[in-house]
1. Right, LYS139: within 30 Å of VAL290 (Cβ to Cβ), charged (D, E, K, R) and not in a loop (DSSP other than H, G, I, E, B) or not?
2. How many residues, within segment 139-185, are touching a Phe, Trp or Tyr at 6+ places or on another chain (Cβ under 6 Å) and not hydrophobic (A, V, I, L, M, F, W, C)?
3. Would you please name the residue that is modelled with the highest pLDDT, looking only at residues in segment 48-93 that are among the polar types (S, T, N, Q) and loosely packed, with under 12 Cβ neighbours inside 10 Å?
4. Looking at TYR201, TYR189 in this structure, which one is in a loop (DSSP other than H, G, I, E, B), assigned by TED's automatic domain parsing to the domain that holds LEU148 and surrounded by 11 or more Cβ atoms within 10 Å (Cβ to Cβ)?
5. Could you look through segment 227-255, keep only residues that are closer than 19 Å to ALA205 by Cα and surrounded by fewer than 14 Cβ atoms within 10 Å (Cβ to Cβ), and pick out the one that is modelled with the lowest pLDDT?
Amino acid sequence: MKTNIVHCKKDKFDVLIDRTTKWGNIFSIGKDGTREEVIQKYTEWIKTQSHLMESLYELKDKVLGCWCSPQACHGDVLVKLVGELVEEMTEKKYFEFKCGCKFEQTNDDPIRIKFDPDISKIPLDCQKTWDLFKRGDTKGVFQLESRLGSSLSKKLKPENIEQLAALLSIMRPGALSAFQDGKSVTERYIDRKNGEEQVTYMHSALEESLKDTYGLMCIHEDTFISMSDGTEKYIKNIKSGDKLQSINEITNKVLKNDKCINVEKTRFEKGLNLRLENGFTITLTKDHKVFTNHGWIGVQHLDKKRHIVAIPYIQYNNKTESKHINELVNTSENSAYLGGPVSGDGRAGKVIDTGTLKNHKRVLKWLKNNTQLKLRPYFSLRSYYIGVSHPERADWKKLCVGNKKTKYNVWVDSLGLNLTKTNKNIHDCMFSTSDKNRHSFLAGLFDSDGYIGKGTNNGCIITFCSSNYKSINAVRKLLAIDGICTYI
């Protein structure tokens, strides 16, 4: 059945698309033009709303209910867009795994799939996924791909993300070796979760806190414990025989002479330091595997002459838009680009250091074409600079700032860039914004403070200079998101 539209009061429908829903037309006949003009405005508007375009599949094979039918309305636009989506899906090939996951197929022989997940859309209630964990099918799952991880996953049968997190905790050596009445903490948690052992609490006051973990407690090693002499001690430093403060479960009175028993140290072993292709260093124990140019290899089998540890692509939430990307320029990408030169070695965000004349002309031209800022270009000593301000004062009553500050000053302050070049750092928003904004920011930074040249084999070499190590390190992390190798 194809998607169609009916009158919501005269016929049955599946999805209501009037103004009370997300599909409603934000434009009104009369106020915003004739019926045809309003429909045209809606057509142009909805194509800019990514969350609606990505949700069009919800309307596939549905009857849409509106107040206008049979007259022309925005519902006709939705029907047309859904039709185009169905046509596009029909032309594409998909490969379906046994678990039910379906991906677009990009090649027939050998079969290759397009895998570009959006973390914000991954459902945490997918029953087929939890069935995999319950069967112990954990191959390729970090921390759970070992025989122990698969075995415990099969026994615990996790049903939600909280129980999955608990599974990773009860796999640790401390939980496996801490026995009471012949059972380890690991076995006790599994039995209580599966209803094979009654849930009990050491004290009634703990029930509210430990209800979700079936009465079992997991404490960080830096937690302070009250000693019998009134002092406090890190739990990791407590030894067998130390006297602690505790509470009598019957009388609720403080006991000052309880001795600590069953104290064991967590397993400790030396790790191997690995320097990744992107310059970062990590430490791993021999029971870990890493992905190299030769596939997955155990740490103990790595050969520094043969193996290069690959850089994973870090998937950030591309829907996140920083509050700092504002109306100073015409688009968020251009605002991000402006953030690049401002984050460079210029003085306190109010002066952009553009370096060479070539860089200076390029950045100055861009600022004139894309912003409403007041610009003051000049040369001093050995470098070119651009003084920056804004013609309008900030709304100081609303923003609680001095009434002498311009909009540009407030923006620089919000990014923490009203500092000398040695104290600046790249704002966290650049690590959580979209790929386009991040790339625009780096382009602006390199245009003002960097040098872009041609390397061997038609490669590109970018040299970024700064007297601020924090900024250099932050730039390296931003580049690592896209798997770009760097060195100092």
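1. No; evaluated as a whole, the condition is false for this residue.
2. Within segment 139-185, the subset touching a Phe, Trp or Tyr at 6+ places or on another chain (Cβ under 6 Å) is 153, 158-159, 170.
From what is left, the residues that are not hydrophobic (A, V, I, L, M, F, W, C) are 153, 158-159.
Here the count works out to 3.
3. GLN71
4. TYR201
5. GLU249
The values are calculated or read from the model by the stated rules, or taken from the named source; none is laboratory data. Remember, it's a predicted structure, so these values are computed and weren't measured experimentally. Note that each Cβ is placed from the backbone with ideal geometry, even for glycine, and that neighbours are counted across all protein chains shown.
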